[in-house]
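Taken together, the values in this text are just the output of simple stated rules run on the coordinates, not laboratory data. Predicted model, so just to flag it, every value in this text is computed and none were measured. Virtual Cβ from ideal backbone geometry, glycine too; neighbours counted across all protein chains shown.
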Ligand code: NAD
């Protein structure tokens, strides 16, 4: 008898792009050995398992592991042997292992290098990586040229300080930027992005978030604070991911993954949320414990007013 189909993560529309992203996205920074070494077999296995379970969105950057993440992701996607239209790839420009460079020349050169490393003809989304460190003057016209040339389908910006999104979106014509990626601001320990969601929706941009586990903080440091809950067998990573996934204005939550087990766990968390819902009681306990550190964030970038 044939085995029942695997439960898959839901797809959500991304702003006005027409793209439908898996609500759990595959953050490929760990494939650049950012959180520790990952073998090729583990990387390819993780990407394959993610795709099998409905994850169609993969995000990388030339900054992750000095281009290693891209190369490994490219190899892993090729190994899927499925049509290119079945998965969505986002990469970034402007931030590199040797520093920031948002100039038109570097951005234009960077996409060709990225496509070569990713073994692709185009990427779906090219994002200015941490735009708070850049300037729009040269970057946005260069990205528009790349869009016209068919090397990228949509333009995005990423950043840590939330003020950067209003700063940029208030200064460019509507429809120039299609997507924003905010990280560390929509999770169990910091949910400050919530206040900005109505504004972002009014601008028609698709909303992606990253780092639901606060770049590992929740799985390591904060886990000590939450020891009493962990000791009862509760899974903090699952609770944290479900918290981030529960707002459907956010199209996709990017989780950094480097093993088949993490893929299985994160997909299971999304499927459980969609079918059973959140563990509200434990979540309330966690939120009460984290209250003294709630909305404290990493310091990075230049805050725009
Ligand atoms: P994250 O919060 O997703 O944490 C990743 C860590 O959690 C890794 O150590 C991973 O091994 C671990 N993990 C994953 N699933 C787990 C599970 N089920 N149980 C226990 N541990 C688990 O942080 P991140 O990787 O920094 O962010 C995710 C993605 O978001 C990145 O890969 C990137 O694509 C994107 N991002 C973008 C920016 C930017 O554009 N500036 C910044 C941060 C993140």
Classified through the alpha carbon gyration tensor (a ≥ b ≥ c as square roots of its eigenvalues; rounded if a/c is under 1.5, else prolate when a/b is larger than b/c, else oblate), the range 194-255 comes out prolate
Footprinting proxy, 84, 232, 53: sorted fewest to most Cβ within 10 Å, the residues are 232, 84, 53
Cα extents of the range 112-255 per principal axis, largest first, Å, are 55, 36, 26
Placing each pseudo-label 7 Å from Cα in the direction of the beta carbon, residue 35 and residue 79 end up separated by a distance in nanometres of 1.9
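Quick one: Kirkwood hydrodynamic radius for the chain, alpha-carbon pairs, angstrom, one decimal?
Details: mean 1/r = 0.0513 Å⁻¹.
One decimal place: 19.5 Å for the Kirkwood radius.
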Protection proxy (average C-beta count within 10 Å per residue), highest first, orders 187-195, 27-35 as 27-35, 187-195
Zone reached by a paramagnetic label modelled 7 Å from residue 248 Cα along Cα→Cβ, restricted to the range 24-55 with backbone N below 15 Å, covers 24
Looks like the range 132-206, by Cα gyration tensor root eigenvalues a ≥ b ≥ c and the a/c under 1.5 rounded cutoff (else prolate when a/b is bigger than b/c, oblate otherwise), is prolate
Expressed in angstrom and rounded, the centroid-to-centroid distance over alpha carbons for the range 176-198 and the range 1-52 is 21
For residue 113 and residue 191, extending 7 Å from Cα along the Cα-Cβ vector and measuring point to point gives, in nm, a value of 4.0
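Can you sort 185, 129 by how many other beta carbons sit within 10 Å, fewest first? The partial results should precede the final answer.
Details: 185 22, 129 25.
Fewest-to-most Cβ neighbours within 10 Å comes out as 185, 129.
Taking 0.36 nm per residue of separation and subtracting the Cα-Cα distance, what length does fully extending residue 284 through residue 8 add?
Numbers: separation 276, 0.36 × 276 = 99.36 nm, distance 2.74 nm.
This chain segment gains 96.6 nm when fully extended.
Tell me, in nm to one decimal, what length is gained between residue 219 and residue 138 on full extension, where the rule is 0.36 nm per residue of separation less the Cα-Cα distance?
Numbers: separation 81, 0.36 × 81 = 29.16 nm, distance 3.90 nm.
Length gained between residue 219 and residue 138: 25.3 nm.
Quick check: residue separation of residue 268 and residue 166 times 0.36 nm, minus the Cα distance between them. What number comes out in nm?
Working: separation 102, 0.36 × 102 = 36.72 nm, distance 3.46 nm.
Result: 33.3 nm gained on full extension.
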Final fewest-first order of 122, 199 on the 10 Å Cβ neighbour count is 199, 122
Placing each pseudo-label 7 Å from Cα in the direction of the beta carbon, residue 202 and residue 260 end up separated by a distance in nanometres of 4.9
Between residue 275 and residue 16, the FRET efficiency computed from the C-beta separation at R0 = 41 Å comes out, to the nearest 0.05, as 0.90
Mean-square fluctuation maximum in Gaussian network of the chain, Cα pairs under 10 Å, restricted to 98, 40, 112, hits 98
Among 206, 99, 216, the residue with the largest mean-square fluctuation in a Gaussian network model of the chain built from Cα contacts under 10 Å is 99
